[in-house]
Amino acid sequence: MSRLLSWIILAPLALMVISFSVSNRDAIVLSLWPLETSSPPVPVFGVVLVSIFCGILIGLIILGVSSGGMRRRANLLKLRSEKAEREVEKLQEEIDDLHSAAKNEAQGALPPPSGAKAA
């Protein structure tokens with residue numbers, strides 16, 4: 001299912017990038033104003049695609065850094081909840097043992113002597 005979904009998304013995206021690249025093959029010269037330097041001629045599609053790629057990369061880095069604290073907190077809460085679940089299970093077993101002991105006591109059954117051996 002995910003493979004089909006990736007093809008549905010990536011195939012049209014690739015066609016759009018190819019179409020954009022073919023349509024924008026003109027060369028441009030980039031210059032940085034205060035330095036009076038210029039680059040060799042580069043195609044317009046190269047500048048645009050590199051800019052988009054750099055923007056996506058910077059966004060992913062910022063997202064990863066900013067979500068680090070949330071992931072750490074989620075892992076801590078997960079460990080705490082697992083510990084609490086184990087404690088609940090242990091306490092439930094103790095409650096069940098106490099209920100069965102109270103039930104035996106209510107029926108008048110005596111517990112076996114502590115020093116007696118089973119026959």
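Details
- Only residues that are open to solvent by less than 80 Å² (accessible area, probe 1.4 Å) and among the hydroxyl-bearing types (S, T, Y) were counted in segment 3-40, giving 5.
- Selected residue (only one of E36, E93, E105 is out of contact with any Gly (no Cβ under 7 Å at 6 or more places or on another chain), at positive phi and of a type in the set (D, E, K, R)): E36
- So E87, is it on the phi < 0 side of the Ramachandran plot, modelled with pLDDT of 95 or more and either over 33 Å from the mean Cα position of the chain (by Cα) or in a helix (DSSP H, G or I) (or both): yes
- Selected residue [at pLDDT below 90 and out of contact with any Phe, Trp or Tyr (no Cβ under 7 Å at 6 or more places or on another chain)] from S23, S39, S51: S39
- Some residue of segment 64-76 being assigned to a loop (DSSP other than H, G, I, E, B) and loosely packed, with under 10 Cβ neighbours inside 10 Å: no
- Test: residue in segment 46-59 that is assigned to a loop (DSSP other than H, G, I, E, B), without any contact (Cβ under 8 Å) to a residue 60 or more places away in the chain, open to solvent by 70 Å² or more (accessible area, probe 1.4 Å) and not small (G, A, S): no
The values are calculated or read from the model by the stated rules, or taken from the named source; none is laboratory data. Being a predicted model, the structure only gives us computed values, none of them experimental. All Cβ positions, glycine included, derive from the backbone under ideal geometry; neighbour counts span all protein chains shown. These accessible areas exclude ligands, DNA and RNA; they are computed on the full protein's heavy atoms, side chains included. Shrake-Rupley method; radii C 1.70, N 1.55, O 1.52, S 1.80 Å.
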